[in-house]
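Data first, discussion second: the structure below is written as structure tokens.
Just so it is clear, none of the values below were taken in a lab; they were calculated from the coordinates. As the structure is a computational prediction, the values presented were derived from the model and not from experiment. Cβ: placed from backbone, ideal geometry, glycine included. Neighbour counts: every protein chain shown.
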Amino acid sequence: MTKLFEVPLYPYQRSKDQDAASPVRHPVVIIGAGPVGLALAIDLAQSGVPVVVLDENDKVSVGSRAICFSKRSLEIFDRLGCGDEMVQKGVVWNLGKVFFGDRKVYEFNLLPEDGHKRPAFINLQQYYCELYLVERIRMLQAEGKPIEIRGRNRVSEIEPAAGHTRLIVETPEDAYRLEAEWLVACDGAASPARRMMDLEFAGRVFEDNFLIADVVMKADFPTERWFWFDPPFNKDQSALLHKQPDGVWRIDLQLGWDIDKEEEKKPDHVIPRLKQMLGDDVDFDLEWISIYTFQCRRMGTFRHDRVIFAGDSAHQVSPFGARGANSGFQDADNLGWKLKMVLEGKAPERLLDSYAYEREMAADENILQSSRSTDFITPKSEMSRIFRDAVLDLAEDHAFARPLVNSGRLSVPCIYDGSPLNGADTDLLPMRTRPGSPAPDAPLGADWLLDRLKGGFVVLGINCSVPEDISLNGLKVVGVAIHGPDIGPELRDRYLGEQSKAVYLIRPDQHVAARWLEFDRTAVEAALAKALGAKEEEHA
Amino acid sequence: MTGMGTTGLTKPDAFYESLLKAHEGLSKADSDAFNARLILLMANQIGDEAVLEGLLASAATSGVSAVKD
Ligand SMILES: Cc1cc2nc3c(=O)[nH]c(=O)nc-3n(C[C@H](O)[C@H](O)[C@H](O)COP(=O)(O)OP(=O)(O)OC[C@H]3O[C@@H](n4cnc5c(N)ncnc54)[C@H](O)[C@@H]3O)c2cc1C
């Protein structure tokens, strides 16, 4: 059977740029058609910003890789026009079991918060995610949107220049030159761009290896997440079993640092271990095995003048909590509209510094969370192991100890507290929707709030009229007013609290920029200017 | 934090005896595990992060290996 990741999805085609007399300059060039580069390209193209994506490969990611896509990622896919495809294919699970040694210490039901269009997360192989993103690009192309994806185009040189960056791109034919007003490096954890520019990639380093196996079960097997601490088949380490679509189960075995990778990967070595894990009577086929090495680290800063880093090239975390790809989508979500505003002259270049500020803050949070999980899963000292084991022993009979069990805290979006883009606030409204926070979804009759918060900046009036369009510096802002019967308990709880009405300014990435108890045009204009990177005195 | 005030225990000797009894016959490893479970149970019973931070500081600043600054 040919696997999805063996078929060229964007095969090499000669571009007219290769025959141009002088290097062609594009507003935005993205290096890397991984999930992050693809998502960013869609965001730009669908809002009319021309974009070229270069990838040295021409296929989706090999093997399942990232498999947990969080609610926020699904909401971003909704905005990008491919949320339904992901959710229809994905697997939703709610039941989890935690094992310690050879016994089950407890099980839990996830029971996610009600009143959201999307589930807390879905399981989906990364190659499907990339496939749907590429299909969305094909749809945009069919609509005539300015987006190009060039397979087998490897960037081999990067040279920053005044107001642009020069690139050399190698292809199966000749190499050619290209110029980018803005270059976004989404070229993965090994980022050649970072290396070419000689930039550091430092931070707290946790060295660890994971054996990743995709197995196809030949009989029914429950749709549950099983996590083992210190199981007999993987002493002193952890193991995870998770369901994916197509009857594929994902198995992660933590291996530690000092291992012989080639030896560990051999099926003769892997299969007995899996039998021990799944039970002797479970029949399965091994589909894919890989060893994945990770460290927790990030770049000092994500913006280097006209070269911007997003996704794994900018930050890398442990897989506990599924923060790799999910945080990369939030990078793309944060960067897309900012690049557009700067390119269209509606915001100063400084706005892009807020990308660095906000996403570096998010990366620190992700590194902290995943470091804590790692400390719990692989205790670093005798005493930390004693406490870890005590927590697991207590968890069996005492519910209070269960929240202390840390097998990965699932990726949630960062709240950009203290961001230079945050405007007016009032503490009379609920904490969870303060400026900087991602706007939480809520039902609106048969529709959903987040589906209305699209197409640029939005002024959202709840029980409060707002003009349908407001403009500032020629920028059109969408007005959305929600009244009376459409305001359900979730919307009230999340956006009003004790108040009877409120006005929110929502950024194009659906984060709250500012909020008030009533509509005041001057105040909204000031907040909009601030959210576009203006300094205080410029809109005072 | 220095000095936690007077004891809150009405029968200090009896509590101390129970504590030792609980460890009787345990290996060092089992005693360590017991203590860890006990600390977690007590932390949950106290249930106040600020008080717990204070207790962590008190434990760190008394005894021979104290971290005094
Ligand atoms: C084996 C493995 C298992 C993983 N498992 C998990 C997991 O379980 N959970 C999880 O959350 N995350 C996991 N990850 C991490 C997750 O896959 C990444 O976080 C995610 O892919 C990051 O996306 P990205 O777009 O930033 O980079 P990538 O997906 O790495 O994409 C980078 C792209 O850049 C291209 N490229 C590189 N250099 C050049 C160049 N010079 N010119 C042109 N193109 C170039 C590459 O071909 C590639 O397509 C795993 C990763 C690996 C490798």
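So what is the orientation-averaged projected area of segment A:371-459, using the convex hull of its C-alpha atoms, in nm²? Walk me through the numbers before you get to the answer.
Numbers: hull surface 40.8 nm².
Spelled out: convex hull of the Cα atoms, projected over all directions, averaged, 10.2 nm².
Mind giving me the FRET efficiency for B:LYS11 and A:LEU110? R0 is 51 Å, r the Cβ-Cβ distance, nearest 0.05 is fine. It would help to have the intermediate numbers written out before the result.
Values: r = 45 Å, r/R0 = 0.89.
Between B:LYS11 and A:LEU110 the formula returns 0.65.
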(request) Kindly state, to the nearest 0.05, the FRET efficiency for A:VAL7 paired with A:GLU262, given R0 = 30 Å and r defined as their beta-carbon distance. (result) 0.60
(request) Name the long-range amide H neighbours of A:VAL248: under 5 Å, sequence gap of 5 or more, or other chain; modelled H, no Pro or chain starts. (result) none
(request) May I ask you to list the aspartates and glutamates whose Cα is less than 19 Å away from that of B:LYS28, ignoring any residue fewer than eight positions away on the same chain? (result) A:GLU382, A:ASP389, A:ASP393, B:GLU17
(message) Once you place label points 7 Å from the Cα toward the Cβ at A:ASP102 and A:ASP364, how far apart are they in nm?
(response) 4.7
(message) Through the Karplus equation 6.51 cos²θ - 1.76 cosθ + 1.60, θ set to phi - 60°, convert the phi angles of segment A:3-11 into ³J(HN,Hα) values in whole Hz; use x for Gly and Pro.
(response) 8, 3, 7, 9, 9, x, 9, 9, x
(request) Kindly write out, for segment A:190-201 in residue order, the coupling ³J(HN,Hα) from the Karplus curve 6.51 cos²θ - 1.76 cosθ + 1.60 (θ = phi - 60°), rounded to whole Hz, with x marking Gly and Pro. (result) 8, 2, x, 4, 4, 5, 4, 8, 6, 9, 7, 9
(request) Along Cα→Cβ, 7 Å out, is where each label goes; now give me the distance between the ones at A:ILE271 and A:GLN88 in nm to one decimal. (result) 3.8
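When the chain is fully extended, how far beyond the present Cα-Cα distance does A:THR522 get from A:LYS380, taking 0.36 nm per residue of separation?
On the way: separation 142, 0.36 × 142 = 51.12 nm, distance 5.52 nm.
This chain segment gains 45.6 nm when fully extended.
Taking a threshold of 26 Å on the Cα-Cα distance, which of the pairs A:LYS16/A:LYS346; A:LYS104/A:LYS380; A:LYS59/A:LYS338; A:LYS3/A:LYS218; A:LYS235/A:LYS265 fall above it?
Numbers: A:LYS16/A:LYS346 31 Å; A:LYS104/A:LYS380 24 Å; A:LYS59/A:LYS338 29 Å; A:LYS3/A:LYS218 18 Å; A:LYS235/A:LYS265 17 Å.
In this structure, A:LYS16/A:LYS346; A:LYS59/A:LYS338 lie more than 26 Å apart at Cα.
So which chymotrypsin sites (Phe, Trp or Tyr not before Pro) in segment A:247-335 pass both tests, a DSSP loop state and at most 12 other Cβ atoms within 10 Å of the Cβ?
Values: sites: A:TRP249, A:TRP257, A:PHE284, A:TRP288, A:TYR292, A:PHE294, A:PHE302, A:PHE309, A:PHE320, A:PHE329; in loops: A:TRP257, A:PHE302, A:PHE320.
Filter output for segment A:247-335: A:TRP257.
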(message) Taking the number of other C-beta atoms within 10 Å as the exposure measure, put B:TYR16, A:TYR128, A:TYR12 in order starting with the fewest.
(response) B:TYR16, A:TYR12, A:TYR128
(request) In whole Hz, with x marking every Gly and Pro, tabulate ³J(HN,Hα) for segment A:320-328 from phi via Karplus 6.51 cos²θ - 1.76 cosθ + 1.60, θ = phi - 60°. (result) 5, x, 6, 9, x, 5, 4, 6, x
(message) Straight-line reach from B:LYS21: which aspartates and glutamates fall under 13 Å, measuring Cα to Cα and dropping same-chain residues less than 8 apart?
(response) B:ASP13
(request) Take every DSSP beta bridge whose two residues both sit in segment A:25-127, then give the antiparallel share in percent to the nearest 5. (result) 70
(message) For A:TRP288, what residues show an amide H to amide H distance below 5 Å, using hydrogens built from the backbone and excluding near sequence neighbours?
(response) A:ASP214
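Just to be sure I understand: if I project the alpha-carbon convex hull of the protein assembly as shown onto a plane and average over all orientations, what area do I get in nm²?
For the protein assembly as shown, the mean projected area of the Cα convex hull comes to 34.1 nm².
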(request) Specify which residue in the list A:PRO435, A:GLN499, A:ALA526 is farthest towards the positive end of the charge dipole of segment A:431-539, using unit charges on the beta carbon of Lys, Arg (+1) and Asp, Glu (-1), about the Cα centre. (result) A:PRO435
(message) What do you get for GluC sites (Glu not before Pro) in segment A:95-143 restricted to DSSP loop and a cutoff of at most 13 other Cβ within 10 Å of the site's Cβ?
(response) A:GLU113, A:GLU143
(request) Using amide H atoms built 1.01 Å from N in the peptide plane, name the residues 5+ places from A:ARG152, or on other chains, whose amide H lies under 5 Å from its own. (result) A:ASP55, A:ASN57, A:ASP58
(message) When 1/r is averaged over all different Cα pairs and the result inverted, which Kirkwood radius in Å belongs to segment A:431-539?
(response) 13.9
(message) Taking the number of other C-beta atoms within 10 Å as the exposure measure, put A:LEU450, A:LEU140 in order starting with the fewest.
(response) A:LEU140, A:LEU450
(message) Just to be sure I understand the model, the point goes 7 Å from the Cα along the line to the Cβ. What's the resulting B:LYS28 to A:ASP19 distance in nm?
(response) 8.0
